[in-house]
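Chemist: After the structure tokens below, expect a handful of questions from me.
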Amino acid sequence: MARPRSFDEAAVLRTARDQFWETGYAGTKVDDIAAATGLGKGSLYGAFGDKHALFLRVYDHYCGEAAEGTRRQLEGPDATAYRRLRDHVLAIAESVAADQARRGCLIAKSTAECAQHDEAVAARSRRLFHDLQEYLTACIAGAQRAGDLADGQDPARLAGLVLAVLRGLEALGKGGVEPDDVRAIAETALAVLPKPPAATS
């Protein structure tokens, strides 16, 4: 009979996530993770498989949390859809602006490093981006129905634009763009979304 694990699996995964986030996939050795978690390499391999399997476990969980957090932020009634969209865009911009260590986003970092030659990472990233665009599309469509955004544009295309801006902000922040410029780009992205014509008296 296998012995029960004597460690907190969730805590180990968080520690492994932080190690991959700090040094990237290629720059992280199993020895680094073992040292950070306090587990032997044998225990790590037994619980999670090799480094690639552990990374995919960490990355899948992180992507799932990112998608769920975005869904919670954007879902709701049409009457407040635009406010939720605005709050979401500005919150991401503020997070990027506050990242003085330029740690960046694990999703952007891992996609840039691994997706070209690792189909499992590429597929997980595509699924995440699809989910994020779906949540943005639904929120924008709600804002259109409420009359806060013009209804003549395809909400999916507008959502794609917003998603591209948000992903781009993370890259700009990691590259050292000034926080105020990051915030200004987010405000501009919101300003260029098509608004309904002003009512005339």
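Only the coordinates and a few stated rules stand behind these numbers; no lab work does. None of the values given here were measured: they were computed from a predicted structure. Positions of Cβ are backbone-derived with ideal geometry, glycine not excepted, and every protein chain shown enters the neighbour counts.
Chemist: To make sure I understand the rule: partners must be lysines, Cα under 16 Å from the Cα of K174, and not fewer than 8 residues away in the same chain. Which ones qualify?
Modeler: K109
Chemist: Is there a quick way to get the dipole size of the stretch 97-139? I mean about its Cα centre, with the Cβ of Lys and Arg at +1 and of Asp and Glu at -1; what is the value in debye to the nearest 20? Mind dumping the intermediate values first?
Modeler: Values: 6 positive and 6 negative charges, 26 e Å.
Computed charge dipole of the stretch 97-139: roughly 120 debye.
Chemist: Dipole of the stretch 52-124 (Lys/Arg Cβ +1, Asp/Glu Cβ -1, origin at the Cα centre): which of L74, L54, G64 lies farthest to the positive side?
Modeler: Most positive-ward Cα: L74.
Chemist: Turning to a different aspect of this structure: State the answer as a single residue: which of V177, A101, I140 lies farthest towards the positive end of the charge dipole of the stretch 61-191, with beta carbon charges of +1 for Lys and Arg and -1 for Asp and Glu, about the Cα centre.
Modeler: Value: A101.
Chemist: Okay, moving on. Around A123, with a cut-off of 15 angstrom between Cβ atoms, what is the net charge of the other residues, counting Lys and Arg +1 and Asp and Glu -1? Walk me through the numbers on the way to the answer.
Modeler: Values: positive: R57, R124, R126, R127; negative: D60, D118, E119, D131.
Result for the local shell: 0.
Chemist: At 0.36 nm per residue, minus the direct Cα-Cα distance, what do S43 and R83 gain on full extension? Give it in nm, one decimal, please. Kindly include the intermediate steps, with their values, before the conclusion.
Modeler: Details: separation 40, 0.36 × 40 = 14.40 nm, distance 4.76 nm.
Here the segment from S43 to R83 would lengthen by 9.6 nm.
Chemist: Select from I107, I140, I185 the residue whose mean-square fluctuation is largest in a Gaussian network model of the chain (Cα-Cα springs shorter than 10 Å).
Modeler: Answer for the Gaussian network model of the chain: I185.
Chemist: In addition: Shape verdict for the stretch 83-157, please, from the Cα gyration tensor: rounded (a/c under 1.5), prolate (a/b greater than b/c) or oblate. It would help to have the intermediate numbers written out before the result.
Modeler: Working: a/c = 3.89, a/b = 1.51, b/c = 2.58.
Since a/c reaches 1.5 but b/c is at least a/b, the shape of the stretch 83-157 is classed as oblate.
Chemist: By the gyration tensor of its Cα atoms, with a ≥ b ≥ c the square roots of the eigenvalues, what is the shape of the chain: rounded for a/c under 1.5, prolate for a/b over b/c, or oblate? Don't skip to the end; give the middle numbers.
Modeler: Values: a/c = 2.81, a/b = 2.14, b/c = 1.31.
Because a/c hits 1.5 or more and a/b exceeds b/c, the chain counts as prolate.
Chemist: Give a residue-ordered list of calculated ³J(HN,Hα) values for the stretch 138-155 (Karplus: 6.51 cos²θ - 1.76 cosθ + 1.60, θ = phi - 60°; whole Hz; x for Gly, Pro).
Modeler: Ordered by residue, 3J(HN,Hα) equals 5, 5, 5, 4, x, 5, 5, 5, 7, x, 8, 10, 4, 9, x, 10, 5, x Hz.
Chemist: Starting from the Cα of K195, draw a straight line to each of the aspartates and glutamates and keep only those under 16 Å, dropping any in the same chain fewer than 8 residues away.
Modeler: D78, D148, D151, D154, E187
Chemist: Where does the stretch 115-177 land on Rg/Rh, using Cα atoms and the Kirkwood Rh? Don't skip to the answer; put the middle values down first.
Modeler: Details: Rg = 14.4 Å, Rh = 13.1 Å.
Rg/Rh for the stretch 115-177 comes to 1.10.
Chemist: Just to confirm my numbers, what's the Cα centroid distance between the stretch 174-188 and the stretch 33-103 in Å?
Modeler: 21
Chemist: Please compute P(r) over all alpha-carbon pairs of the stretch 1-103, binned at 5 Å starting from zero, and give each bin as a whole-number percent.
Modeler: Taking every Cα pair in the stretch 1-103, the percentages come to 2, 10, 18, 17, 14, 11, 10, 8, 5, 3, 1, 0.
Chemist: Which one of Y62, Y25, Y45 has the biggest mean-square fluctuation once the chain is modelled by GNM with Cα springs under 10 Å?
Modeler: In the Gaussian network model the winner is Y45.
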